[in-house]
Amino acid sequence: MNYWNRGLANNGSGTMKRCRNIPGTPVQILMSFAGTVLLLLVCSQLAIADEPAEEFLQALRERGYYDVALHYLDGVAESDSVPDSFKQKVAFQKAGILLDSVNKIRNPEEMGKRLDEADRLLAEHASSVSDPIEATEVLKIQSNVKYFRGRNNLKQAALDRTPDSRKKELFLQAQKFLGDALPKFRQVQQAQREQIENFQIDPEDPKSDEKLRALQASYVDTRLKIPVAMEKLALAFNDDKSSRNAKLIEAGAEFESVARLYDQRFVQGQMAKAFAARCFQQAGDYGKASELLKDVFNYPNPSSVLVQQGLSVGVETWPNVEPYPTRQVIAAAEGPVAMLTRRDKANPMWLRVELELARAKYERSVAIKDEDSSAASRLKKEASRLAREVARRRNPHSKLAAELLGDWGVSIEAASEEPATMVANATASSFDDAIQKSKDLIGPLSDQLSELAVARRQLATARDASAKSNQQMEVDKLQTSVDQRADQTLGMLAQAVRLADEETPRAQLNNVRYLQAYCHFAKRRFSNSAVMGRFLLEKFPTIEWSQQAAGLMVRSYEKMFDSSTGQDRVAARDKVIDAASAMMEMWPDASESSAAAVSATRVAVIDDDFDSANRFFERIPANSPTRGPLASRIGQQIWGERKSATTDDAKQKITDNARKYLTIAVESADPAAMDFSTAVAALYLVDACRESGELDEAISRVDAILQNLDTNPAISKSAKYRQSAYNASLNTWLDALGSKPDAQTWIDKSKNVIEKMSAEAAGDPAAIQNVSRVYRKVARDLTDRFESLPSLQEKETFATSLQSFFAGIGSVAKDGKTRLWAGSTLLGIAESLKLEGGDANSKQLAGDAIALLEAAKKAGFGKDKSLELNYQHQLALAQRCSGDFEAAVSSFEKILETANGLNLQIDAAKTLLMWGIEKKDTKALTSSMNGRGQYRDPKTNKLRKRIWGWKLLVSLTRSKENLREQFRECEYYSVLCRFRYGQIANNPKAIDSAYGELQKALKRFDDLAVGAWKKKYDQLLKELESAK
């Protein structure tokens, strides 16, 4: 049985994929559904288990949650509820998901990384594949990887900022990748065709039919992929026009072949004909392209995506056709242009279509001038209005529009001065005449609304009272003009209603109601506009213009929501949600429904209804320009909710949800040109990745942020954003320091960023203070990392890197406080090394620390006496670390004459202890235990000691809850002091005394040997037991 030509008729789930129900961009239609096809083929061969792994993974991919899907697959290996057959294909699944995700990534470097990983995973999986169908699918994905690499090269070469020399390299690389991919696609096609022809349905296998459908769908996808790759390969021959055009003609012929197979039933075949036209147009065969476009626009009920693709090719084709195809252009463009929304008119492509329609109408007016002067005059007015609309908007085609108006002898201003009053006051002779006059009034009204929207945005950003007042006057003036024009239009529309009769088509009456709703919306009569939209939605949902009116209804409810409070606001919110739901149910693929989903998402987010927001957001097309900014807002708002979470599970749920939206926002934007809100979202995304443990992704995103920090005008001048970006990068690199190899790399990165921060903070006291805080945080993290290392050798290696880091801080920081702090931190590391036996390195670090302390003293501490005391304290520690114990003890005694404190006393006692151990001096050990420097207290006339010693320190800290950490330290060194005294003096009683003290302390205080102290106490107890 010949099955191979049935593949497109079924999507693998028993559902027919009809032309009008396939959403997405043209490229997505032919390319992106590969991921679903591949997953169908693999998943159909997996056994059913307790956990619905296949269904869950499929749902994640269909919704674009690629990172979540990858994370899920990472955890599959540890799951007992997932079958081994699924686990064996994890590498294959990951490769397919990585390939799917490439379509959403704009950063070429990140795209390259994902493709590299997909390649690696496929190679890993291919070695274990024995099934020929699966082997073919692996080859297909490997071919797709090459295709995407070539496409990525072409995208980079198309960027204006890419140097010419680099562009040549990119085109050559694209030729190689696409040239390698094309024969592999053909090989896959042939293999799949043979597999389908030889496929045997197994009546005992309930999934046999499903496997066949998946294979058929994969075959059709491959068939469609071949001409797409051929076209891309042709475009890679940028410098060889002859080869380029020849290959484009070959690609066009291949697209035609696909269209002949499928265009009568399925949208992919119809799109293939539009793509064929594009190939011939790019090759310069405009006549052939124009003929193909006739077929495209003659399809019954063409999808909006097909129409858009056809028009985008048409505007590049028709101006080059002789004679100019006036009728074809008007027939193809007039309907879509009449239905354009304000959002559509922000798209340069649609403005180009509008301009081409203007040209065609003008040419037609010239052609029929002698036959029908009235119709010719009307066409010329329409052409002038359309061209003026394009000329007055800021877009790439405004200059061409102005030139056309000049050629027609119509100025931009003259074209705008339609005889509105005359039209408004005229009496229509018929329903059609009233409709035409209404449209003549509506065109300028649309322009006035655009001007009013700009004026309102300027009012919102005006800073001082005078500017706000002047701008408010401008807004009021424009609103008055809008109201007048809307009233004139409503008057003419009222005539149209009166002139209608039983023979008037329902669609034309709907058009009148839509225009009335539009005028009420312009006048800010949102309730009236919404009522008309609701009426058409409920009474005539299948008639033309109802969905446009329903779109206005949702926008009206949204405006009512924005301007109301209390219960009125709640009611308006419910109306937005209900109306948007009704629209999406009635017209799931309409652009108005997508716009309604945007409105409903926005309202739900403002109302903190994230379940509704998520539901509507899923209905916004991936290529919608509003999707990214909306995702940015949702993600940031969800991330803000994290602070209120009371459990780890709740925090993780919020983090995952926020990360999903933040990822969409960031990956929807060009990294070099993202707006401020999206740039902020990128910072939050770094934090979310860190919270989720996705450190590699956090590093990659931080690198992208820093790379574009100076080139993106939206953020480059914001000192606050720059500081936030620096902080995010430091946090990420410090995380990497704790889990990644090559510590020097992350230390150097941190050092470079801190130097930038310091340079940018110059002259700003608040910024300088912030840099000091950053210094301290980084150094604390570095010190913690140093202390966590298990061996002396690792610590010595790491200390060398730290030495460079703190020396850098000392040279960059100009204030005494930061230098003092850097020196004291480096000194602490030197002491830690000394205690573990790294004496040589310790002395070198101590020397650098002393240099930093002296630099701090030179910079001065101002009136802050605590900094001067800290300096004296650190200098004493430096003397101790360098081995000059006697000088260090003298320094401590001198400091303690005028100041006292627990930390000072502990360090002084520890200095005596180190002196006694290193020099084997029992006198120093006795002083360490009992104190030293006797003097008479002038206040009490009692004898006291400058240095208290461990015995008194233990007594003072033992019962204080707020001094538990100091007590652990004092008790430890007290026992150690007795123990070392017993060893050096050969005094067994002292050793027994130390052992007894430790046993009593451990028994009495459960929280003594905890945390970092447990290891020390355990080691000390072990030594004491060995010495007894």
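Bear in mind that the values in this text are calculations on the coordinates, not laboratory data. Quick caveat, the model's predicted, so the values are computed rather than measured. Glycine gets a Cβ as well: all are built from the backbone with ideal geometry, and neighbour counts include every protein chain shown.
Could you tell me the distance between the Cα centroids of region 115-172 and region 829-844, to the nearest Å?
52 Å
Against the longest alpha carbon principal axis of the chain, how many degrees, from 0 to 90 and to the nearest 10, is the axis of helix 90-102 turned?
Between the helix axis and the principal axis of the chain, the angle is about 60 degrees.
Please name whichever of 714, 175, 727 sits farthest to the positive end of the charge dipole of the chain, dipole taken about the Cα centre and charges placed at Cβ: Lys and Arg +1, Asp and Glu -1.
727
Please list 3J(HN,Hα) in residue order for region 717-724, calculated via the Karplus relation 6.51 cos²θ - 1.76 cosθ + 1.60 where θ = phi - 60°; whole Hz, with x for glycine and proline.
9, 8, 4, 5, 5, 4, 5, 5
Using the C-alpha atoms of the chain, what convex hull volume per residue, in cubic angstrom, is computed? Let's see the in-between values first.
Working: hull volume 253.0 nm³, N = 1028.
Taking the convex hull of the Cα positions in the chain, it is 246 Å³ per residue.
Using the Cα atoms of region 677-765 to build a convex hull, what is its mean projected area in square nanometres?
Values: hull surface 23.6 nm².
So the mean shadow area of the Cα hull is 5.9 nm².
Rounded to the nearest 10 degrees, what's the angle between the helix 348-367 long axis and the longest principal axis of the chain, both from Cα atoms, 0 to 90?
Roughly 20 degrees, rounded to the nearest 10.
Can you compute the FRET efficiency between residue 403 and residue 368 using 1/(1 + (r/R0)^6), with r the Cβ-Cβ distance and R0 = 22 Å? Round to the nearest 0.05. Walk me through the intermediate numbers first.
Values: r = 24 Å, r/R0 = 1.08.
Between residue 403 and residue 368 the formula returns 0.40.
Per residue of region 594-604, in order, report the coupling 6.51 cos²θ - 1.76 cosθ + 1.60 (Karplus, θ = phi - 60°) as ³J(HN,Hα) in whole Hz, putting x for Gly and Pro.
Values per residue, Gly and Pro as x: 4, 5, 5, 4, 4, 4, 5, 4, 4, 5, 5 Hz.
Under a plain spin-label model, where a point goes 7 Å from the Cα along Cα-to-Cβ, how far apart in nm are residue 131 and residue 327?
That separation, rounded to one decimal, is 5.6 nm.
Which parts of region 473-492 would a label at residue 535 reach, counting a residue when its backbone N lies under 16 Å from a point 7 Å out along Cα-to-Cβ?
490-492
Please report the spacing between the Cα centers of region 251-322 and region 474-537 in Å, no decimals.
37 Å
Quick check: the angle from helix 164-197's long axis to the longest principal axis of the chain, C-alpha only, nearest 10 degrees?
With both axes taken from Cα atoms, the answer is about 70 degrees.
Quick one: putting +1 on the C-beta of Lys and Arg, -1 on the C-beta of Asp and Glu, what dipole do you get for region 909-1028 around its Cα centre, in Debye to the nearest 20?
On the way: 27 positive and 14 negative charges, 110 e Å.
My answer is approximately 520 debye.
So for the chain, taking the charge dipole from beta-carbon charges (+1 Lys/Arg, -1 Asp/Glu), which of 466, 274, 58 sits furthest toward the positive end?
466
Can you order the peptides 991-997, 698-704 by their average number of other Cβ atoms within 10 Å per residue, highest first? Please list the in-between numbers first.
Numbers: 991-997: 18.3, 698-704: 21.9.
Put in order of decreasing packing, that is 698-704, 991-997.
Go ahead and run the numbers for FRET between residue 451 and residue 347, Cβ-Cβ distance against an R0 of 25 Å, rounding to 0.05. Before the final figure, lay out the partial values.
On the way: r = 19 Å, r/R0 = 0.75.
Efficiency, from the Cβ-Cβ distance: 0.85.
What relative contact order, as a whole-number percentage, does region 870-975 give when Cα pairs under 8 Å and 6 or more residues apart are counted?
It comes to 19 percent, rounded to a whole number.
In the neighborhood of residue 318, defined by Cβ-to-Cβ distances under 9 Å, what is the net charge if each Lys or Arg adds +1 and each Asp or Glu adds -1? Numbers along the way, then the final one.
Values: positive: 359; negative: 316, 356.
Spelling it out: positives minus negatives among the neighbours equals -1.
For the residues 506, 394, what sequence is obtained by ranking on other C-beta atoms within 10 Å, fewest first? Please report the intermediate quantities before stating the final value.
Numbers: 506 14, 394 7.
Listing 506, 394 from fewest to most nearby Cβ atoms yields 394, 506.
Please state the relative contact order of region 365-413 as a whole percent: Cα pairs under 8 Å, 6+ residues apart?
Values: 37 pairs, mean separation 12.0, N = 49.
Over region 365-413, the number comes to 24 percent.
Pairs to check: 94/795; 817/951; 919/1014; 643/814; 225/740; 176/211. Give those whose C-alpha atoms are more than 30 Å from each other in this structure. The partial results should precede the final answer.
Details: 94/795 39 Å; 817/951 34 Å; 919/1014 28 Å; 643/814 36 Å; 225/740 41 Å; 176/211 34 Å.
In this structure, 94/795; 817/951; 643/814; 225/740; 176/211 lie more than 30 Å apart at Cα.
Can you tell me the dipole magnitude for region 207-274 around its Cα centre, using point charges on the Cβ only (Lys, Arg +1; Asp, Glu -1), in Debye to the nearest 20? Don't skip to the end; give the middle numbers.
On the way: 12 positive and 10 negative charges, 36 e Å.
The calculated dipole for region 207-274 is roughly 180 debye.
Relative contact order for region 909-1028: what percent, with Cα pairs under 8 Å and sequence separation of 6 or more?
On the way: 141 pairs, mean separation 21.7, N = 120.
Relative contact order comes out at 18 percent.
Order these peptides, 296-303, 281-288, 461-468, 509-516, by their mean beta-carbon neighbour count within 10 angstrom, highest first.
Working: 296-303: 15.9, 281-288: 18.8, 461-468: 10.5, 509-516: 21.6.
So the order, starting with the most tightly packed, is 509-516, 281-288, 296-303, 461-468.
At a Förster radius of 41 Å, what calculated FRET efficiency corresponds to the Cβ-Cβ distance of residue 717 and residue 74, to the nearest 0.05?
On the way: r = 40 Å, r/R0 = 0.98.
For residue 717 and residue 74, the calculated efficiency is 0.55.
Within the set of other residues whose C-beta is less than 13 Å from the C-beta of residue 912, count the net charge using Lys and Arg as +1 and Asp and Glu as -1. Write down the numbers at each step before the final one.
Values: positive: 880, 910, 919, 923, 932, 945, 946, 951, 980; negative: 886, 893, 907, 918, 921.
Result for the neighbourhood of residue 912: +4.
Determine which residues of region 552-572 fall in the zone a paramagnetic label at residue 586 would reach in this model, i.e. backbone nitrogen under 15 Å from the point 7 Å along Cα→Cβ.
What the label zone holds, given the 15 Å backbone N cut-off, is 552-557.
Once every DSSP H run of n ≥ 4 in the chain is given -39500 (n - 2.57) and the sum is divided by its residues, what mean residue ellipticity at 222 nm do you get, rounded to the nearest 500 deg cm²/dmol? Each step should come with its number before you reach the end.
Working: 46 runs with 769 residues, N = 1028.
That comes out to -25000 deg cm²/dmol.
Taking the Cα centre of the chain as origin and charging only Cβ (+1 Lys, Arg; -1 Asp, Glu), how large is the dipole, in debye to the nearest 20?
For this selection, approximately 3560 debye.
Among 443, 842, 306, whose Cα lies farthest out toward the positive end of the dipole of the chain, if unit charges sit on the beta carbon of Lys, Arg (+1) and Asp, Glu (-1)?
842
For region 853-870, in order, what is each residue's ³J(HN,Hα) by Karplus, 6.51 cos²θ - 1.76 cosθ + 1.60 with θ = phi - 60°, in whole Hz (x at glycine and Pro)?
5, 5, 5, 5, 4, 5, 5, x, 10, x, 9, 7, 5, 5, 5, 5, 4, 4
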